[in-house]
There are 2 protein chains.
Amino acid sequence: MPPLYGGIEAGGTKFVCAVGHGPDALLDEVRIPTTTPEETLARVVAFFRPYGAELCAVGIASFGPVDVRPGSPTYGFITTTPKPGWAHTPIVHIVAEALNVPVGFDTDVNGAALGEHLWGAGRGLDAFLYLTVGTGIGGGGLVNGKRLHGLLHPEMGHMRLPHDRERDPFPGLCPFHGDCLEGLASGPAIEARWGRPPHTLPPDHPAWALEAEYLGIALANLTFVFSPQRLVVGGGVMQPPHLWPQVRAAFVRALGNYVDLPALGQHVEDYLVPPHLGPRAGVLGAIALAVEAARGDTSTA
Amino acid sequence: MPPLYGGIEAGGTKFVCAVGHGPDALLDEVRIPTTTPEETLARVVAFFRPYGAELCAVGIASFGPVDVRPGSPTYGFITTTPKPGWAHTPIVHIVAEALNVPVGFDTDVNGAALGEHLWGAGRGLDAFLYLTVGTGIGGGGLVNGKRLHGLLHPEMGHMRLPHDRERDPFPGLCPFHGDCLEGLASGPAIEARWGRPPHTLPPDHPAWALEAEYLGIALANLTFVFSPQRLVVGGGVMQPPHLWPQVRAAFVRALGNYVDLPALGQHVEDYLVPPHLGPRAGVLGAIALAVEAARGDTSTA
């Protein structure tokens, strides 16, 4: 029997839990609404409990902020989240004690990046980034073959960008920075600017050209600072197929021919790509964290 | 006898070569003007030749662009530089053949980052960045304990930033991007904007508040995307002591209290620091590359 892993995609509105051997062999999956930590985690544990000793590890890919610094007194905690009841929740300890298995832990987007690394668009690449553009904008990835950590964890959505207020007078809606990337280009920012949710805007609506411009510049910035081998972009806002050529064109424009590589020009459609694991990237990212935890590496790899 | 290393800081105007055992034990140093590759590299080789078999490795920290991808057909080359005569120079091969030693190779700023990692401000940290602000602006660093590479190498100076043209009508002077970070905040940009070189501008000149603002935002962006454990900032523009408190204040402002850590607030003077190796950071970075090459790692570590 191949080893059995558990994955917990811990989100602010729901927890998705799955057990399986890998992306093509999921045995069961459940969605649990995010209520109180006690209630939610009791249901999570109850889902995994029947697998007992068969389960060799569990991974948790969580909303944040989280403490992923091995050795920190609050390692494995959801820390200062504004989500009521969830601040300072030792989620790793609770799950590990209840199920008595190794637990892998990271941000949702670093989990998704690891999933893409094992099974998707980041296979064989030791330097790639994953950006998700949805209710929020977040980024993670692998650098030198390991997940990107550091002082805390990346908060790529809060990068500041050029913002031409004549073209776009919308002030941005980030409560911390106003017009950072997330403040200008997340789903809620699009909705606040145009008065309609993104999925109701037709392909020829000017919202899309503006969105592509911000994302193109942000992705070019990530290429300038990281030099990743590939950029994977997921999230709800990226679903409309018509957005992709616009984002790729804006990205190439923002690079300004500075780096003369085919990946950053004529072959950009192989460089700037959607996640291969699609809508299951989240829970498969959690399972990827379990795979690493089972290998004995719950920290940085 | 401790092992003897050679370092070559390959710059566009001069090559600085040194031999020694480490930062506190340099035996000899020479400055060679950058003329043709043939003449310059012949003088470089002649400097090291007398040390013969004592020399256990040489490191080259070079101006770019360079090819640092192990296994690439042009690994070890200075590639598409506009510097006359230097495009497509196989600098690593020339030095390695002439001296018959392992040669370590990277960008000047990744070399400097490695030097700071071994002996300076990055000691014991496996995630820190080094930004140099001078004639150009460049960045490098260590992530997950290894030097930052990827598709090519980082070009952090070309990050795009907010540019308020009412406050600062200067269009920027980057030939590729106009008002990218380097276009707005390098030494030549300051000189072009104000009509005087930076070192002649008094501390109360408005140039400095503007410079601090751009650097603060750029450094905050780097913190958001990398979450480094420390930011080391060197280069000629950073020499005036009065600039440091302004840059640190602008950095904390740009973070907008989003990440609640002492390093990013009250203890920012320990987070955002000058290189400890000072003006010798360049050649010591080259020696650090030699130390790694002697360990048998000429590629990514």
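Odds and ends about this structure:
- With only Cα atoms counted, chain A has Rg and Dmax values of 19.2, 62 Å.
- In range of the label at B:Gln239: residues from region B:174-192 whose backbone nitrogen is under 20 Å from the point 7 Å along Cα→Cβ: B:185-192
- Note on chain B: with a GNM built from Cα contacts shorter than 10 Å, the maximum mean-square fluctuation among B:Pro198, B:Pro90, B:Pro175 falls on B:Pro175.
- Net lengthening on full extension, B:Val30/B:Ala42 (0.36 nm per residue, minus Cα-Cα): 3.0 nm
- Cα point-scatterer Debye curve for region B:182-221, base-10 log of I(q)/I(0) at q = 0.18, 0.19, 0.33 Å⁻¹: -0.45, -0.50, -1.18
- Placing a label point 7 Å from the Cα of B:Lys14 along the Cα-to-Cβ direction, the distances to the matching points in the other copies come to 6.6 nm, shortest first.
- Cut-off 12 Å between beta-carbons: net charge of the residues surrounding B:Gly178, Lys and Arg +1, Asp and Glu -1: 0
- Sorted shortest first, the distances from the A:Pro188 label point to those of the same residue in the other copies are 4.4 nm; each point sits 7 Å from Cα along Cα-to-Cβ.
- Largest GNM mean-square fluctuation across B:Gly138, B:Gly282, B:Gly236, computed for chain B with C-alpha springs under 10 Å, falls on B:Gly236.
- Debye log10 I(q)/I(0) for the protein assembly as shown, one point scatterer per Cα, at q = 0.08, 0.10 Å⁻¹: -0.57, -0.88
- Average beta-carbon neighbours from other chains, 10 Å sphere, peptide A:226-236: 3
- Cβ-based exposure ranking for B:Glu292, A:Glu116, B:Glu166, in which fewest neighbours within 10 Å come first: B:Glu166, B:Glu292, A:Glu116
- Likely footprinting exposure, B:Met156, B:Met1, B:Met238, fewest C-beta neighbours within 10 Å first: B:Met1, B:Met238, B:Met156
- Mean-square fluctuations from a GNM of chain A, with a 10 angstrom spring cutoff on Cα atoms, peak among A:Val68, A:Val225, A:Val283 at A:Val225.
- Reduced Cα scattering model of region B:124-274, Debye log10 I(q)/I(0), q = 0.12, 0.13, 0.19 Å⁻¹: -0.47, -0.56, -1.19
- With neighbour counts taken as other beta-carbon atoms within 10 Å, the residues A:Phe251, B:Phe176, A:Phe77 rank, fewest first, as B:Phe176, A:Phe77, A:Phe251.
- Kyte-Doolittle at least -0.5, axis length at least 20 Å by Cα - qualifying DSSP helices, chain A: A:206-226
Taken together, the values in this text are just the output of simple stated rules run on the coordinates, not laboratory data. Predicted model, so just to flag it, every value in this text is computed and none were measured. Virtual Cβ from ideal backbone geometry, glycine too; neighbours counted across all protein chains shown.
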